[in-house]
Every structure is written in C-alpha cells, then in structure tokens.
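Below: the structure, in structure tokens.
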Amino acid sequence: MRRRILNLTFPFIILMLTLSFATFLPVASQNTGAILSKLEELRGKVEGVHPPALENKIEAVMHQIEAGTFNGAINKLQNDVKKSIAAWVENPEDLLKLVDEIIDLIKGITPPTAPDFQIAAADTELEVVQGSSNTTIITITSTNNFSRQVNLTASTTASDVILSFNASTVFPEKNGTVASLLNVTAGFNAPTGDNFSITVNGTSVGFEVKSIEIKLKITAVIPPPPEVDKTPPTIVSVLRNPETPVYNESVTVTAFVYDTGTGVNQVMLIYSGGTGWELAYMKLTGGLYTASIPPFPYNASVGYFVKATDKSGNMAASIAFSYKVIDPYPPLLRIDKPAQAAYLSGTVAITVFMKDQNSGGESGFGSADLSINGTVIKTWEPPAPSTPDTYNWPTATFGPDGIYILKLSVRDKAGNLVEKSLTVTVDNTLPTAVISSPADGSYLRLSTLIKVTGSDANFDKMEVRIDDELIRTFLTSGSEVVEWDTLSRVDGVSSINLTVYDKAGNLKKALVHVTVDNTSPQIGAPSWSPKKPAAEVNIQINVTVEEPTYGSGVENVTLGFKNKTMDDWKFIPMELKNGNWTTNLSNQSDTEVRFFIEAFDKAGNSAKSEIQKFTVTGPAGFPLAWILAAIAIIGAGSGGTVYYLRRRRKKGASSSSVHATSSAKIDSSAATCTSTSTNKKTIKA
Ligand SMILES: [Ca+2]
Ligand SMILES: [Ca+2]
Ligand SMILES: [Ca+2]
Ligand SMILES: [Ca+2]
C-alpha cells in the first residue's frame, strides 16, 4: 500500500523538484532515484525474512529521501536501521554493508545548504589572429540564493596578449545567472600556436575562488601583398658649404631626397679629388642627407655627385658638381733684425724669415724680395729658407747718413702678397768731443771746472771720466761744466776723458792730461853774501826751492826786500843757477835790509820764507853830508829823476813777480805736452 503511494507520488515529486530547482535538481533527482533503488534492494532482502519492523524502518527512510530530508535519513539508517539489523539478523554483514553504501550515496548527493556561485565559459577553446581580437562569454550563476559581488580576473600563458572584460565586476541575482564579455587581443608579437590557455577566476569575499580554463590558439597574421615600386628616388637641391673651399677646409654636402613608393633606402656622396672616386654614406639629419668631403690641397679640382636608392632597388643620381680648392691666406714673414726705428752704422745684418702659412695643402712660398729705399737688394725663390736668412747691409757705402726704409715683400704661389716695412736711421758719422778746459798739460789745484762739449746728429750720451772713473753722464748734447775738487786726488798726473756716443753706436773720445798739485813749494834757509856787506857792494842772495817729483815744479821765486829809506816792499825775480835761486841786491849803504823769499809752483801754490835782515855799513871817507849835498846839486839840474826811477823800479818788480812768463815741459806716461801758461791762477769755484 505505502509502496503504491510511493510509486504514484514519486514521479510527481521529481517533477515538482525539477520545476523548483531547475538549475541543480536534475542531478539530485537522479541520485535520489539510485538511493531509492538501493533502499528498495535492501527492503527486498529483508521482506519476509526479518521482522516487519525492519522493513517498516527501511520504508521510513525511503519516505525521508523522497521528502528530501537527507540528513534525517542518514541519521535513521545509522542509528536505527543498522542497530535493528545487528540485533535481528543472524549474519548481518552483507546488509550492514549495503546500509553503509546507501549512507554513502545519500552523503554524496547531499544538496548544498550554503549559497554559492559557479563560473562557466561559452567557449572552451578560442582562436585569435595576431594583431586582432576575439571574445567569449563568461557566466556567473547564483546557487542557494547566493547574492554577492563577484570579481572577474583573467590571465594567459601567451605573451603579447591582452585580456579584458566588458564588466569585471558582476552581481548575479539570487539563483540567477549573469554574463560578462571576455575580450582577447593578440599583438603582432604574440607567439603562434595552439598550446596556450586562458584562466578566468571569479572571486567573491568569503567564497572559494572559482576558475575556468579556456584553450587559446594564436594564428599568424597574413602579410599584405608587396607594393610594386618602379619609381627611383628624386634628388633635389644638392648644396655645398663652403661654396669656395680653402685647402684646409672640409666641405659639407647636403641633399634633399624623397621617394614615392617604398621609400628612400640609401643616399651616397661620391667624390674625387683627382685620383679615384670615394664614397660616403649621407646621414639624414633635419630632413636633409649630409656628408663631408675631406680637405684637398690648393688647386685640386674636386668633383662630386649624389646617388640614392629606394627600398625596391630603384636608383637615381644627381648631376655632377665640382670646385677648385683655393689658398686665400698670404704668407708669413718676419724681419727679425734690425728693429723698427733702429740707428745703424757699419755693416748691419738684416735677418728675415718667410714661409707660406700652415703645414699642408697651402699653395706654398712663391718669391720674396728685400728692398732698401725702393732698390731691391736681395731676392728669394722657392724653396723658402727653412731658417731665418740674413743679408749684410754695408750702410757706410750704401749711401749717405739718413733715414732708410727696408721692405720685405713675400708672395705665395696663389699670388697672395704680404709686405712688411721698417724705418731705420743710418749714421756713420762720429760725434764731436771737445774738452775746452782744462787745457792739456794744465796744472791744477783746489776746485776746477771741466768744460766739455759733445754733439752728434743722433746724440745718445756723453760721459766724463777722471782717471777712468765715470763721474758724470749727460743725456743731452751741447756744452756742460763739471766741477772737480782736485783735493780729492793725490798730487800727480790725472787724465780727463770725454766720450760722446751716438745712437748708432759710434763714439768719439777726447783726452787731456793735467797735473794736480795742491802742495806748496819748499823754501830752504836763504843765505846772503857777503854776510856783512859794505856800502855799495853787490849782495848775492841764494835760496833753494824744491818741488816733489810728482809736483808741478817751481814756477818762480821772488825776493822781497825793504831798507830803511823805502816805504814799500820791492820785489826782484830770482834766477835758478846751479840748483839755487839767486839774485843780487845792489846800491845799499848804511842801512838795514830786511828780505823774504816767496815761491810759486806751476799750479799756483805759494810759500813765503821768514823775514831775514842784515846791516850794510856806510861808505868810507865820504861823509854822508857830502853825498847828500852832491845829490841836491844834481837834483836841481835834472828835476825829479831820482824819484821817478824809484817809483818805476818798485812798480816793475811788483808786476814781474805776478806775471812771470816761463815755459815748462811735463812728462807723463800718457802724453808729452807742451803748455804755455800765461796765468797760473786757477779758476776758483
Ligand atoms: Ca620609389
Ligand atoms: Ca698661402
Ligand atoms: Ca753720428
Ligand atoms: Ca807743488
């Protein structure tokens, strides 16, 4: 009866469950059938063999299964049915084993009691072409009233493949399904093959991660068919810089090149300096193709053109261009000697140097000439002298003194000319040098003035030396005076030297020798004879006067005397006789005579002796009164004669002592000079 009901109700229940749990109950219902089938098997083994209570218990379990109370069924089988079998059945092992199988079956299909979600993909395999995309649908399904946000992520084992969802966060309705579109894009560098995979993960907080794997196949992109390009590149606007290249300059060539079709492949500059063609690849910078032609030497003819290819192998060439290398730089030259504005005399070395500039490629030294006042005196031809060259200029025979212009002109082979001039003064005339005072052979004492005169058209300086010691230098020409204190010298011969220099190196000397004497003559003890003179006898007075050998010598010696009848001193020059200076005194009678000796040397130094005196006796037999009477008689006849004579003698003696005239010879090591001295009084400063 119950079995019948069960049999009737069972398909209905299945149908209801199917309608209610459309998404998962079809699986559960099949398993429930297996459980019920096993339970039926168990009941069949019990029916009629064991107490009906056991069969009833099994039927109760079947009802529980049918009602979906699986846990209750497991509980009853475990705690009731198995105990009953153990109690009531003789050999229960097979039945207990069957009960365990049923329990396992029920446990295996126990429906989830907690909400959850499932993930699925519309495609299990996906194919993507390099450089393009493909898509598949990913679905998230809610079970047991799952109602939460699910985040979708995807990864792949292939490189250069980008995965994205149109919705990476989905929210399925309770027990419903929601979809997101997975976009798969492969780059051109993605590897080809069918052994790649994409893993899609669905994550929701508090739930296990759900994964699904999709096989990925990447196929190669099919290349487009190649273009057909039969047009060569176009070369326009080939330019060079500089326009007129110099021998030491590189030349930059630029070209604008374009191509229709496959594009420019290579641009070349092809050039030649006369020996073979060279090739330089032109680099694209700032829209222009650029390359350089290296420097070529002066006068080289350089030809060049530009060649270009496109990527299809088409080739184009520009027209040919050319240029000639120039040398615009004048040569170098120097006049090392003489200096500008130099004063020159005698033979003068003119030292010059010349070469064309730089060292490589220049046109080179062509020619040079040296001229003086427009007259070419030396020329040079290649090769240029490697060191400075010299021309010896005989200025004395070349022309008169004066200003000359030296000019060096140098040309290179390119015709560049450079000139250098300098102005010099030629002076082959000696200066004048005169010592006007003191005269050669002079005797000097105390301070004296040296008067010199120097001159020259190109006067430089004049120097005054005494005994070779420089005492004054004058930087202007003309007459100059130097004061010289001879007391600074020992007595003896000194030299006075004047040297006058001109700027050209000429010099003139003047030389005088003088004797310095600051020592007075030595007057010995005078003597007279007779010692006690009688009236009217000649009285000879002798004295020695000496000068040292280096002295100037005795100039004069004078006797000064006075007797009782004279108002003034009377002077008589003494003469040198046999080593003594001597003179006679006459006409003395009955008087006392006082006298002294005065001596001058030739420099003007003087000495005076002490005053001496002696007595002259009166005349014998002629009384003085008679003599006086006789004089008075004569005087009356001839008027004033005696007086006149007296005055004249006095005056003449005085004059001769001062203006004595004599000649002297000075012998010195430097010169033998004859000097006539009329005045021995030296100039006093
Ligand atoms: Ca082309
Ligand atoms: Ca040059
Ligand atoms: Ca001169
Ligand atoms: Ca002297």
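Every number here is computed from the coordinates shown, using simple stated rules; none is lab data. For clarity, every value in this text was computed on a predicted model and none was experimentally measured. Every residue, glycine among them, receives a Cβ derived from its backbone with ideal geometry; neighbour counts consider all protein chains shown.
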Using amide H atoms built in the peptide plane, which far-off residues or other-chain residues are under 5 Å from Gly553 H to H? Lys602
Hull volume per residue for the range 514-564, using the convex hull of the C-alpha atoms, in Å³ is 104
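So if I place +1 on the C-beta of Lys and Arg and -1 on the C-beta of Asp and Glu, and nothing else carries charge, what would the dipole magnitude of the range 234-311 be about its Cα centre? I want it in debye, nearest 20.
Details: 4 positive and 5 negative charges, 22 e Å.
Approximately 100 debye in magnitude.
Assuming a ≥ b ≥ c are the square roots of the Cα gyration tensor eigenvalues, decide whether the range 234-311 counts as rounded (a/c under 1.5), prolate (otherwise, with a/b larger than b/c) or oblate. All intermediate terms of the calculation are to be shown ahead of the outcome.
Working: a/c = 2.84, a/b = 1.98, b/c = 1.43.
Prolate shape, in that a/c is at least 1.5 and a/b is the bigger ratio.
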Straight distance only, please: which lysines reach the Cα of Lys76 with their own Cα at less than 16 Å, same-chain residues fewer than 8 apart left out? Lys38, Lys57, Lys97, Lys107
What does the convex hull of the Cα atoms come to per residue for the range 432-516, in Å³? 72
Do any trypsin sites (Lys or Arg not before Pro) in the range 392-427 lie in a loop, going by DSSP, with at most 15 other beta-carbon atoms within 10 Å of their beta carbon, and if so which? none
18 Å reach of a label modelled at Ala396, 7 Å along Cα-to-Cβ, counting backbone N of the range 488-508: 501-508
Past the 19 Å Cα-Cα mark, which pairs from Lys532/Lys564; Lys531/Lys608; Lys407/Lys461; Lys531/Lys613? Lys531/Lys608; Lys407/Lys461
Quick one: P(r) of the range 116-219 from all Cα-Cα pairs, 5 Å bins, percents rounded to integers, in order of increasing distance. 3, 14, 25, 22, 15, 11, 7, 4, 1, 0
Using the Cα centre of the range 434-560 as origin and beta-carbon charges of +1 (Lys, Arg) and -1 (Asp, Glu), tell me which of Thr448, Thr558, Pro530 is placed farthest towards the positive end of the dipole. Pro530
Restricting things to alpha carbons, tell me how big the range 479-610 is in terms of Rg and Dmax, in Å. 22.0, 80
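Multiplying the sequence separation of Thr244 and Asp123 by 0.36 nm and subtracting their Cα-Cα distance, what value in nm do you get?
Numbers: separation 121, 0.36 × 121 = 43.56 nm, distance 7.61 nm.
Gain on stretching Thr244 to Asp123: 36.0 nm.
Place the peptides 191-197, 444-450 in order of packing, highest mean first, counting for every residue the other Cβ atoms within 10 Å and averaging per peptide. Present the calculation step by step, with values, prior to reporting the outcome.
Values: 191-197: 14.0, 444-450: 19.6.
Highest-to-lowest ranking by the protection proxy: 444-450, 191-197.
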